[in-house]
Each structure stands twice: as C-alpha cells, then as structure tokens.
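To keep things clear, I will list the structure first and then write my remarks on it.
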Amino acid sequence: MSEVPAVKITVKPNGPLRVEGPITLTDADGQQWDLTGKPAISLCRCGASEKRPFCDGAHNRIGFQCAASPAGNLT
C-alpha cells in the first residue's frame, strides 16, 4: 500500500498561500474547482485578486504587506 503524499502550504511573504499536493478545493456551496493537472495552486491572501480564490499577482499592484511566520502567531 502506497503512502498518500502530504499537502504542503507555504505562506509567501507579502503574497499568496502556495498549496502543493493532492488538493480538493470546495466553495461554500459544496462545488469543487477542477484542479486536474495542477500539482500546486496559489491562493489569494490580499483580497484584491480578480481570480479569487486564486492569486493573480494583485498583491504586487496594491503593495500588500504580510510577512506571516509561526513565531508568536499560535495560541
């Protein structure tokens, strides 16, 4: 039996969430995006993307600033 690969989420400084691995993305109504052939996706954190929930680089245009790190953020 083969092991299922883990999903990896990377917080990009001043940018998106990069999600890699076996991904299922579902909206609030239970509809799934077709991610066939996409081993990774980038999800918008700034709220300005015209392709939400996906990143379109809008964070660069608006000067989004958020360099999140685990230190001090978990309670």
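The values are calculated or read from the model by the stated rules, or taken from the named source; none is laboratory data. These numbers were taken from a predicted model, which means no experiment stands behind them. We place every Cβ from the backbone using ideal geometry, glycine too, and count neighbours over all the protein chains shown. Ligands, DNA and RNA are stripped out before the accessible areas are found, and what is left, the full protein with its side chains, is counted by its heavy atoms. Shrake-Rupley method; radii C 1.70, N 1.55, O 1.52, S 1.80 Å.
Could you check, for region 38-45, whether at least one of its residues is over 25 Å from residue 4 (Cα atoms), without any contact (Cβ under 8 Å) to a residue 60 or more places away in the chain and within 10 Å of the chain's Cα centre (by Cα)? Looking through region 38-45, at least one residue is over 25 Å from residue 4 (Cα atoms), without any contact (Cβ under 8 Å) to a residue 60 or more places away in the chain and within 10 Å of the chain's Cα centre (by Cα).
Of the numbered criteria (1) of a type in the set (Gly, Ala, Ser); (2) at positive phi; (3) modelled with pLDDT under 95, the one residue 30 fails is (3). Within region 26-52, the residues that satisfy the criterion of being farther than 16 Å from residue 10 by Cβ and in contact with a Leu (Cβ under 7 Å, 6 or more places away or on another chain) are 32, 33, 35. Just to be sure, is residue 15 among the small types (Gly, Ala, Ser) and more than 12 Å from the chain's Cα centre (by Cα)? When the stated conditions are applied, residue 15 does not pass them. Residue-level check: of (1) touching a Cys at 6+ places or on another chain (Cβ under 9 Å); (2) touching a residue at least 24 places away in the same chain (Cβ under 8 Å), residue 52 misses just (2).
Hey, any hits in region 31-43 for a residue that's in contact with an Asp or Glu (Cβ under 6 Å, 6 or more places away or on another chain), closer than 23 Å to residue 66 by Cβ and open to solvent by 90 Å² or more (accessible area, probe 1.4 Å)? Can you show your working first?
If we filter region 31-43 for residues that are in contact with an Asp or Glu (Cβ under 6 Å, 6 or more places away or on another chain), which is where we start, we get 40.
Cutting the leftovers down to closer than 23 Å to residue 66 by Cβ gives us 40.
Narrowing the set further to residues that are open to solvent by 90 Å² or more (accessible area, probe 1.4 Å) leaves none.
No.
If you go through region 1-24 and keep only what is open to solvent by 70 Å² or more (accessible area, probe 1.4 Å) and closer than 17 Å to residue 57 by Cβ, you end up with 12, 13, 18.
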